[in-house]
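Below is one structure, written out as structure tokens; the observations come after it.
The values are calculated or read from the model by the stated rules, or taken from the named source; none is laboratory data. Note that this is a predicted model, so its numbers are computed, not measured. Neighbour counts are summed over all protein chains in view; Cβ atoms, including those assigned to glycine, are modelled from backbone coordinates with ideal geometry. Side chains are part of the model used for accessible areas, which takes the heavy atoms of the whole protein and leaves out ligands, DNA and RNA. Shrake-Rupley method; radii C 1.70, N 1.55, O 1.52, S 1.80 Å.
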Amino acid sequence: MTAAIRIEKLGKRYQVKQGEEGSSYRTLRESLSDWVRAPFRRPRKKNNQAPFWALQDVSFEVQPGEVVGIIGHNGAGKSTLLKILSRITKPTQGRVHLKGRVGSLLEVGTGFHPELTGRENIYLNGSILGMSRKEIERRFDEIVAFAEVEKFLDTPVKRYSSGMYVRLAFAVAAHLEPEILLVDEVLAVGDVAFQNKCLGKMRQVGGEGRTILFVSHNLPALQVLCDRAVLFARGRVVADAPVAETVGMYLRSVEERAQVEVSQRTDRAGAGRSRLMRLEVHNGEDGCSGPLQMGGPCRFTFHVDRLAPGLMCVFNIVDEFGQGVTKINSNYRSQEDFMDPESNSRLVCIIDPLLLAPGRYRVDVGLYASRELQDQIEGAAFFEVIRGVACGREAPRSRGDWKFVLPHRWILPHDLG
Amino acid sequence: MSGELTVVESKEETLPRAEPAVSDAVPAETVIEPPCGWQFLNVRELWRFRELIFFLAWRDVKVRYKQTLLGAAWAVLQPALMMVVFTIFFSRMAGLSSGDVPYPLFAFAGLLPWTFFATALTNGGNSVIGSERLITKIYFPRLAIPFASVGAATVDFAIAFAILLLLMPFWDVWPTAKLLLAPVIFFLILLVALGMGTLLAALNVNYRDFRYVIPFLVQLGMFATPTVYMQPRGDETGLRALLMMANPMTSLISAFRSAVLGGHISWDSVGISAVMAALLFLAGCLYFRRVEDSFADNI
């Protein structure tokens with residue numbers, strides 16, 4: 001049997017201009033003056049451009065019908081790989097053989113036009129994804145039923161709620177029937193019920209013998225969907241193994257990265273107008289370090305290099321299996337919000353009482369300014385929670401079967417009166 | 001938002017109709033390799049994606065006059081108002097001659113193909129940078145974008161052309177058999193617009209300077225081309241005549257006007273323009289193909 005996807009020594013180099021990452025396109029003047037000066041210049045390396053290898057020497061195969069996950073940190077080359085496989089950009093080196101029709105889903109709703117109606121957008125989006133008009137017509141009713149938007153088919157999608165919009169967009173994509181499907185982190189949208197429906201639909205697609213390459217940070221979903229996973233780091237393949245094994249390696253590597261000081265880390269995403277420099281997790285409001293005690297207070301201190309206007313801090317607490325436990329967002333303002341009076345480059349969040357189950361956790365941080373991602377760091381800090389008293393009583397022993405305790409109290413029936 | 005929702009059952013009307021698709025000739029194997037310099041036109045692939053080109057053009061037509069009070073009337077109003085303005089200033093006040101043809105018709109018949117050319121060129125030149133989302137998220141032959149961008153201008157042209165035919169009897173000017181040539185001339189103008197539009201679209205990705213060059217080019221072109229004035233006779237050897245010849249739109253616009261309103265068509269200059277149109281089209285497409293691989297990285 002020949003492979004559905006065969007990748008041989010693939011490499012992609014980008015020219016990164018040093019100093020000014022922001023302006024990526026050249027002006028005509030620069031090009032013209034380069035061109036005029038060229039004959040008079042001694043042949044030498046262009047010193048203002050540093051090559052950056054987003055992918056290097058990547059080789060692996062995917063057999064027909066296999067569902068393979070791609071995991072790695074920010075900037076590890078996952079998205080570049082999908083871009084090359086879906087022919088959006090060309091590689092610098094190497095070669096890829098794809099057998100069969102390829103469908104790629106790098107974004108949900110590519111090409112949707114807000115002024116057009118739901119019906120019109122199904123046709124437009126379908127044809128952009130590579131469906132013929134006949135195919136779209138054949139699946140039209142199925143798509144509409146899947147998206148649950150029958151009533152609003154002739155309403156411009158700009159009047160849709162964001163949930164309806166995402167459902168419709170995903171429904172079109174889910175009915176694309178390629179032999180090879182490339183999916184990039186698109187399940188992060190939509191409500192939970194619809195996400196499950198999409199996961200089901202995708203699994204069904206896999207069940208029909210389709211090959212799927214799936215990039216995601218949603219590790220539990222990956223473990224359900226994939227047989228095998230490939231781990232990327234700095235543009236290279238570091239592991240290619242059954243999914244549980246690769247996910248384990250990835251989680252260990254997240255922890256290893258946390259050994260490096262946050263301010264020194266380069267595996268970030270975002271525009272960078274504000275960067276996280278340090279994250280301290282302290283026991284108690286006074287700030288002693290050490291393990292946190294369940295039921296006690298704790299303090300998260302985010303040191304940023306500068307406060308961008310409209311700064312918002314979001315952090316996820318993720319357990320040792322890669323499963324998100326909770327997400328805390330500074331955007332939802334509260335009376336109790338606190339900013340350190342001594343320095344305005346610190347954001348402090350107090351959790352009291354901490355009701356997490358005993359175990360080891362990591363913190364993923366995202367900084368936004370005016371709704372635009374500025375910085376994102378996976379595993380900015382790790383902390384340990386030890387047993388303690390929650391809601392007035394000793395917490396039960398955790399064997400991974402529970403993650404946290406809800407605030408509660410027990411009463412005797414006669415108290416109800 | 002619920003108050004504004006209207007549910008209309010109009011299945012037939014809103015469905016776009018394209019010619020039925022032939023079997024999907026999907027290549028069994030795709031090989032992805034590093035870019036290899038100059039590539040020829042991918043005609044077969046473009047043909048496979050003809051439905052996409054159609055849908056992109058159809059989207060532009062649909063969206064063009066959404067949320068405007070007058071809607072598609074703008075397609076008529078733009079050249080009509082220009083005709084009125086030019087009639088007042090050039091014919092009445094400056095006393096510009098238009099030969100045997102009434103000046104308003106003369107101006108309208110010149111403005112019509114020029115407006116088409118200018119709109120198609122502007123839309124084409126800005127089409128690729130305006131489709132950043134598509135280009136960075138999905139693959140399709142990139143030439144589909146500038147090709148589709150002339151669709152809306154073509155629809156505008158068709159509407160205004162019908163108006164011109166309706167206006168002619170008011171000045172007692174009747175179309176002749178030469179009218180059959182108008183589509184041919186239109187096709188040549190389309191080729192020039194596509195060629196230049198494709199070239200500018202590709203240049204625009206790497207050099208945003210062209211965003212400012214295009215409007216300037218269009219304005220300059222309008223005065224450098226005999227759209228609202230007659231091609232001066234007499235000095236057919238001088239530098240000015242040479243410049244006029246180098247501009248393929250000169251003979252195409254006067255040929256279009258003659259085809260519609262009657263008059264002499266200079267076949268020599270139409271022939272030269274046809275060759276230039278074909279060359280411009282090829283050059284635009286080839287340059288586009290040369291640089292299209294880097295669009296997603298540079299846009």
**Complete:** The FRET efficiency for residue A:360 and residue A:269, from their Cβ-Cβ distance with R0 = 30 Å and rounded to 0.05, is 0.75
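Checking an interface number: how much accessible area is buried between A and B, summed over both chains, with a 1.4 Å probe, in Å² rounded to 100?
Numbers: alone 23310 and 17410 Å², together 35590 Å².
In total, this chain pair buries about 5100 Å².
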**Charge-dipole axis of segment A:265-394 as Lys and Arg at +1 and Asp and Glu at -1 on Cβ define it, positive-most pick from A:363, A:311, A:281** = A:311
**Item:** 10 Å Cβ neighbours from other chains, averaged over peptide B:32-44
**Value:** 3
**Asked** What ³J(HN,Hα) values, in whole Hz, does the Karplus curve 6.51 cos²θ - 1.76 cosθ + 1.60 give for segment A:209-215 when θ = phi - 60°, with x put for Gly and Pro?
**Response** x, 8, 8, 10, 10, 9, 9
**Prompt:** Just going by the charge dipole of segment B:39-298, with Lys and Arg at +1 and Asp and Glu at -1 on Cβ, which of B:143, B:108, B:98 is farthest out on the positive end?
**Reply:** B:143
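How large is the helix-only mean residue ellipticity at 222 nm for chain B, computed as the sum of -39500 (n - 2.57) over DSSP H runs with n ≥ 4, divided by its residue count, in deg cm²/dmol to the nearest 500? Before the final figure, lay out each step's value.
Details: 14 runs with 184 residues, N = 299.
Helices in chain B give a 222 nm mean residue ellipticity of -19500 deg cm²/dmol.
Which order do B:281, A:60 take when ranked by solvent-accessible area (1.4 Å probe, heavy atoms of all protein chains), largest first?
Working: B:281 40, A:60 15 Å².
These residues rank, largest area first, as B:281, A:60.
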**Asked** Using a basic spin-label model with each label point 7 Å from the Cα along Cα→Cβ, how many nm lie between residue B:223 and residue A:145?
**Response** 6.4 nm
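Nothing charged except the Cβ atoms of Lys and Arg (+1) and of Asp and Glu (-1): what's the magnitude of the dipole of segment B:73-226 about its Cα centre? Round to the nearest 20 debye. Numbers along the way, then the final one.
Numbers: 7 positive and 5 negative charges, 87 e Å.
Roughly 420 debye, rounded to the nearest 20.
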**Message:** With angles folded into 0 to 90 degrees, how steeply does helix B:73-86 sit against the dominant principal axis of chain B? Use alpha carbons for both and round to 10.
**Reply:** 30 degrees
**Request:** Determine the alpha carbon to alpha carbon distance for each of A:327/B:137; A:99/A:197; A:90/A:197; A:9/A:83; A:83/A:158; A:12/A:78 and list only those over 23 Å.
**Result:** A:327/B:137; A:99/A:197; A:90/A:197; A:83/A:158
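Given +1 on the Cβ of Lys and Arg, -1 on the Cβ of Asp and Glu, and no further charges, what dipole in debye does segment B:39-298 carry about its Cα centre, rounded to the nearest 20?
Working: 19 positive and 14 negative charges, 115 e Å.
Using only the charged Cβ atoms, the result is roughly 560 debye.
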**Message:** Sorted from largest to smallest, which semi-axis lengths in Å does the alpha carbon gyration tensor of segment A:51-184 give for its equivalent ellipsoid, taking the root of 5 times each eigenvalue?
**Reply:** 32, 16, 13
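At a Förster radius of 45 Å, what calculated FRET efficiency corresponds to the Cβ-Cβ distance of residue B:97 and residue A:134, to the nearest 0.05? Could you put the intermediate results ahead of the total?
Details: r = 57 Å, r/R0 = 1.26.
Approximately 0.20, to the nearest 0.05.
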**Request:** Please list, in chain and number order, the residues 5+ apart from residue A:233 or on another chain whose amide H is under 5 Å from its amide H, with Hs placed from the backbone.
**Result:** A:238
**Asked** Once the Cβ-Cβ distance between residue B:40 and residue B:176 is put in as r, and R0 is 41 Å, what FRET efficiency do you end up with, to the nearest 0.05?
**Response** 0.50
**Complete:** With +1 at each Lys and Arg Cβ and -1 at each Asp and Glu Cβ, the charge dipole magnitude of segment A:265-394 around its Cα centre, to the nearest 20 debye, comes out at 300 debye
**Asked** Tell me, what is a quarter of the convex hull surface for the C-alpha atoms of segment A:265-394, in nm² with one decimal?
**Response** 8.3 nm²
**Prompt:** What angle, in degrees between 0 and 90 and rounded to the nearest 10, separates the Cα long axis of helix B:182-206 from the longest principal axis of the Cα atoms of chain B?
**Reply:** 50 degrees
**Complete:** Length gained, residue A:15-residue A:331, 0.36 nm per residue minus C-alpha separation, equals 110.1 nm
**Request:** Determine the order of A:90, A:99 by accessible area, beginning with the largest, at a probe radius of 1.4 Å.
**Result:** A:99, A:90
**Request:** Could you state how much accessible area residue B:74 has, in square angstrom rounded to the nearest 10, with a 1.4 Å probe and all protein chains kept in place?
**Result:** 90 Å²
**Message:** Starting from the 7 Å offset along Cα-to-Cβ, what nm value, one decimal, do you get for the label separation of residue A:394 and residue B:266?
**Reply:** 10.5 nm
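Residue separation times 0.36 nm, minus the C-alpha to C-alpha distance between residue A:414 and residue A:370: what's the value?
On the way: separation 44, 0.36 × 44 = 15.84 nm, distance 5.29 nm.
Roughly 10.5 nm would be gained on extension.
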**Complete:** Expected integer from the mean partner chain Cβ neighbour count at 10 Å over A:131-139 is 4
**Prompt:** Largest first, what is the accessible-area ranking of B:140, B:40 with a 1.4 Å probe?
**Reply:** B:40, B:140
